[in-house]
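Asks: One structure follows; several queries about it will come next.
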Amino acid sequence: MKNHKPRKLRLSPVEISPSSAAPIDHLALLVIGFICLIGLVLAWRIQVSYSPPVWVHLFIALPTVLLACLLRLLNGWLKSDTKALVINRK
């Protein structure tokens, strides 16, 4: 067997700029933030008004957070689908 030396990985820095994002990304983040804000305000309002147990908050806040997560996934799926359409059109 030969004497093997471990390889050194060379990573190049990746520059991410806001100009690389599509305008639809900004709108999606705004909608997701708005949905999360509604969930937060609703949970806060219920806590201040009624002081319910924790499981009530799980039924109120958790669905709004999950909805926001699903919207983010849907946004990514739609974006990838439209990119495929543009690539296939050329």
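Taken together, the values in this text are just the output of simple stated rules run on the coordinates, not laboratory data. In this text, all values refer to a predicted model and were calculated from it rather than measured experimentally. When we count neighbours, we look across all protein chains shown, and the Cβ atoms used for this are built from the backbone with ideal geometry, even at glycine.
Asks: Give the residues of segment 28-55 that are in contact with a helix residue (DSSP H, G or I) (Cβ under 7 Å, 6 or more places away or on another chain) and among the β-branched types (Val, Ile, Thr), sorted by residue number.
Replies: Val31, Ile32, Ile35, Ile38, Ile46
Asks: Taking only segment 35-53 into account, find how many residues are in a helix (DSSP H, G or I) and among the polar types (S, T, N, Q).
Replies: Our first condition is that a residue be in a helix (DSSP H, G or I); within segment 35-53, this holds for 35-50.
From what is left, the residues that are among the polar types (S, T, N, Q) are 47, 49.
Final tally of qualifying residues: 2.
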